[in-house]
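Below is one structure; the comments refer to it alone.
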Amino acid sequence: MSVTPEEWADITTRFNETVDTLKATIGLGPDVLDPNAPEADRRRAAALRVDQFFDRMTQGQARMQLLPGMLTWTHRRDAEANVNSAGVQQAVSLAEARMGPIDSTMGVGPGAGAAPSPMRPAPGGPPVGGDTP
């Protein structure tokens with residue numbers, strides 16, 4: 001498969017626009033990403049903004065943002081990943097404070113622990129078409 005220079009420019013532009021939108025949504029603007037600031041300060045400021053975004057997200061004030069596919073792929077390929085158990089526990093505590101007790105077998109919220117509701121069929125009968133086999 002080959003990509004023309006014009007197609008590559010379009011892909012690059014759309015990718016950069018998506019990353020810029022993601023950064024703006026999280027709050028990673030020029031004040032945080034100032035290249036003249038010391039790297040340690042930029043890292044602390046960026047971490048604070050990301051934490052604030054996750055706080056807003058867990059409170060229902062912000063929506064989860066998906067990473068562009070190529071960025072996701074690159075991170076999965078190159079980045080070292082680990083699970084921070086203290087972070088997981090904090091997330092569970094925040095979720096329980098917002099939604100009620102979490103029962104890993106039955107779900108979340110006031111009905112946690114109750115029998116799961118049975119599936120119901122969609123209303124109406126199957127579609128009928130003149131040309132469908």
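The values are calculated or read from the model by the stated rules, or taken from the named source; none is laboratory data. All values reported here derive from a predicted model rather than from experimental measurement. Don't worry about glycine lacking a Cβ; one is built from the backbone with ideal geometry, like all the others, and counts go over all protein chains shown.
Taking the condition of being over 24 Å from THR25 (Cα atoms), part of a loop (DSSP other than H, G, I, E, B) and of a type outside the set (D, E, K, R), how many residues in region 77-106 meet it?
Qualifying residue count for the region: 8.
Which is modelled with pLDDT under 85 and either touching a Pro at 6+ places or on another chain (Cβ under 8 Å) or not in a loop (DSSP other than H, G, I, E, B) (or both), of THR12, THR74?
Testing whether each residue is modelled with pLDDT under 85 and either touching a Pro at 6+ places or on another chain (Cβ under 8 Å) or not in a loop (DSSP other than H, G, I, E, B) (or both) leaves just THR74.
Considering each residue of region 71-93, count those that are within 20 Å of GLU17 (Cα to Cα) and within 15 Å of the chain's Cα centre (by Cα), and give that number.
Counting residues in region 71-93 that are within 20 Å of GLU17 (Cα to Cα) and within 15 Å of the chain's Cα centre (by Cα) gives 4.
Only one residue in SER117, SER93 is of a type in the set (Ser, Thr, Tyr) and modelled with pLDDT under 75, so which one is that?
SER117
Check SER104 against each of (1) modelled with pLDDT of 70 or more; (2) of a type in the set (S, T, N, Q); (3) more than 15 Å from the chain's Cα centre (by Cα); (4) exposed (fewer than 10 other Cβ atoms within 10 Å of the Cβ) and name the one condition it does not meet.
With (1) modelled with pLDDT of 70 or more; (2) of a type in the set (S, T, N, Q); (3) more than 15 Å from the chain's Cα centre (by Cα); (4) exposed (fewer than 10 other Cβ atoms within 10 Å of the Cβ) applied to SER104, the lone miss is (1).
Residue by residue through region 28-63, note down the ones that are within 23 Å of VAL88 (Cα to Cα) and either touching a residue at least 40 places away in the same chain (Cβ under 8 Å) or assigned to a loop (DSSP other than H, G, I, E, B) (or both).
Of everything in region 28-63, those that are within 23 Å of VAL88 (Cα to Cα) and either touching a residue at least 40 places away in the same chain (Cβ under 8 Å) or assigned to a loop (DSSP other than H, G, I, E, B) (or both) turn out to be THR58, GLN59, GLY60, GLN61, ALA62, ARG63.
Looking at region 6-26, I want the residues that are in contact (Cβ under 8 Å) with a residue 12 or more places away in the chain and have a partner that is basic (Lys, Arg) and in a helix (DSSP H, G or I) with Cβ atoms under 9 Å, at least 6 apart or on another chain. Which pairs are those?
ILE26/ARG49
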